[in-house]
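Visitor: Sending over a structure as structure tokens; questions will come in a sec.
The values are calculated or read from the model by the stated rules, or taken from the named source; none is laboratory data. None of the values given here were measured: they were computed from a predicted structure. All Cβ positions, glycine included, derive from the backbone under ideal geometry; neighbour counts span all protein chains shown. In case anyone asks, the SASA skips ligands and DNA or RNA and just uses the protein heavy atoms, side chains included. Shrake-Rupley method; radii C 1.70, N 1.55, O 1.52, S 1.80 Å.
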Amino acid sequence: MKYWKKTLVEPTASLESAIAAMDNGGLRIALVVDEERCLLGTLTDGDVRRALLRHQPLDIPVSQVMCATPQVAQRDWSRERVLAVMESTQLLQLPVVNDDNQVVGLETLHGLLDKRLLSNPVFLMAGGFGTRLHPLTNDCPKPLLKVGDKPILELILESFIQAGFHRFFISTHYLPEMVRDYFGDGKRWGVSIHYTHEETPLGTGGALGLLPHDEINEPMLMMNGDLLTTLNYRDLLAFHDEHQGIATMCVREFEYQVPYGVIQSEGHLIRSMVEKPVYKFFVNAGVYVLSPELVKRVAPGTRVDMPTLLEQAIAEGRDVTMFPVHEYWLDIGRMEDFKRAQVEFGTFLK
């Protein structure tokens, strides 16, 4: 594989640097090797997400997070044998080693098979006013603001197309004709695009009621139209399918440091003092996978926000799962975010 050497990391490397190697290599795996390039372990998206769910710090050595007994392929294996092992173990990548257990390559399922199209619908939310980006959005909807030489929404669309999706719905409200004129029916990208329009704002989940419900028969990906991310949508969809929840929400870890010493007391007695503690939380990342059942619950004209819709499902005892995002992610909500995107995002596409 052309870029597999970018995935190599030392066992003492931090989890953060191993994640960077995964992203830079674009192969969704890091290979942990010693000085002789002998394979010690592997780090995949699943390993990373389990570490994030345990709130393990990003400076932890990758050797404490990696899979220490990875499945491997030998360099003389045929394509058919590699595919058979991948199928039996449900793996997307196999490190290739020689007789001395030295890494000599990396096989991926994507590289061995032609990329298949996915029929799951994708719903992109492009109706916001973008008031915090005035004056840029005075006469331009925020999703059409350009990062580099392309609008934000086009970058999002192309990332889904690259992953194999071809059925798109776009929700509009503010300056809808500009969005429709730019994207049309999607033929320019070889996909189909249909539109829903909110005459009045219906909240972050209300637009689901405007979709043609009879056409939503598979899990649907839903994403805010002002996000830039290198999230692997196929992995997200596979995670949702595996856990069989009514919905999956992508989350980001957010850190907040209290700028003062925090006192814990019992009555008038101080029991402990912590200087400027750091608290970690998971926050909504604005990307979802929704079951057809949940989509069809929202009637036309209903005003509802996505958190409320998901909370209702949870209150009914339905499973709503979360998918931690460690890849590049940027919510372009403020002018400083927009300026940051101009500097950062191109480097993450290389």
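Visitor: Could you work out the local net charge near Met220, counting Lys and Arg as +1, Asp and Glu as -1, over the other residues with Cβ closer than 14 Å to its Cβ?
Guide: With Lys, Arg at +1 and Asp, Glu at -1, the neighbours total -2.
Visitor: Shifting gears a bit: What ranking, highest mean first, results for peptides 208-214, 70-76 when packing means the other Cβ atoms within 10 Å averaged over each residue?
Guide: Peptide ranking by packing, descending: 208-214, 70-76.
Visitor: Name the GluC sites (Glu not before Pro) in region 253-340 that are in a loop by DSSP and that have at most 15 other C-beta atoms within 10 Å, would you? Let's see the in-between values first.
Guide: Numbers: sites: Glu253, Glu255, Glu266, Glu275, Glu293, Glu311, Glu316, Glu327, Glu336; in loops: Glu316, Glu327.
Filter output for region 253-340: Glu316.
Visitor: So, one more: Any chance you could look up the accessible area of Tyr328 with a 1.4 Å probe, heavy atoms only, rounded to 10 Å²?
Guide: We get 20 Å² for Tyr328.
Visitor: With a sphere of radius 10 Å drawn around the Cβ of Ser17, what net charge do the other residues whose Cβ falls strictly inside it have (Lys, Arg +1; Asp, Glu -1)?
Guide: Summing Lys and Arg as +1 and Asp and Glu as -1 gives -3.
Visitor: Okay, moving on. Short version: what are the Cα gyration tensor semi-axes of region 1-44, square root of 5 times each eigenvalue, largest first, in whole Å?
Guide: Equivalent ellipsoid semi-axes, largest first: 15, 12, 8 Å.
Visitor: Next question. Within region 25-84, report the GluC sites (Glu not before Pro) that DSSP leaves as loop and that have at most 12 other Cβ atoms within 10 Å. Please list the in-between numbers first.
Guide: Numbers: sites: Glu35, Glu36, Glu80; in loops: Glu35, Glu36.
Those that pass, being in a loop and sparsely packed, are Glu35, Glu36.
Visitor: Calculate, in nm to one decimal, what Tyr182 and Thr321 gain on full extension: separation in residues at 0.36 nm each, minus their alpha carbon distance.
Guide: Length difference between fully extended and current span is 46.6 nm.
Visitor: Is the shape of region 63-105 rounded, prolate or oblate, going by the alpha carbon gyration tensor and its root eigenvalues a ≥ b ≥ c, with a/c under 1.5 for rounded and a/b larger than b/c for prolate?
Guide: Oblate.
Visitor: Place a point 7 Å from the Cα of His197 along the Cα-to-Cβ direction; which residues of region 103-126 have their backbone N under 14 Å from it?
Guide: Flagged as within label range: none.
Visitor: At 222 nm, what value in deg cm²/dmol follows for the chain if DSSP H runs of at least 4 each add -39500 (n - 2.57) and the sum is divided by all its residues, to the nearest 500?
Guide: Helices in the chain give a 222 nm mean residue ellipticity of -8000 deg cm²/dmol.
Visitor: Taking the Cα centroid of region 10-81 and of region 257-273, what is the distance between the two, rounded to the nearest whole Å?
Guide: 40 Å
Visitor: Suppose we look only past 20 Å in the calculated P(r) of region 31-124. What percent of the Cα-Cα pairs does that tail hold? Before the final figure, lay out the partial values.
Guide: Details: 2117 of 4371 pairs.
When all Cα pairs of region 31-124 are counted, 48 percent exceed 20 Å.
Visitor: Also: Provide the solvent-accessible area of Ser265, counting protein heavy atoms only and rolling a 1.4 Å probe, rounded to the nearest 10 Å².
Guide: 80 Å²
Visitor: Under unit Cβ charges (Lys, Arg +1; Asp, Glu -1), what dipole magnitude, rounded to 20 debye, does the chain have relative to its Cα centre?
Guide: 420 debye
Visitor: A follow-up question, please. Averaged over all directions, how much area does the convex hull of the C-alpha atoms of region 205-305 cover when projected, in nm²? Before the final figure, lay out the partial values.
Guide: Working: hull surface 42.3 nm².
Over every viewing direction, the Cα hull of region 205-305 projects on average to 10.6 nm².
Visitor: If we sort 137-149, 215-227 on the protection proxy, mean other Cβ atoms within 10 Å, highest first, what's the order?
Guide: Packing proxy ranking, top to bottom: 215-227, 137-149.
Visitor: Running a GNM on the chain with Cα contacts under 10 Å, which residue among Trp189, Trp77, Trp329 ends up with the highest mean-square fluctuation?
Guide: Trp77
Visitor: Taking every pair of Cα atoms in the chain, average 1/r, invert it to obtain the Kirkwood radius, and report Rg/Rh to two decimals. Can you show the working numbers first?
Guide: Details: Rg = 22.5 Å, Rh = 22.4 Å.
So for the chain, dividing Rg by the Kirkwood Rh gives 1.00.
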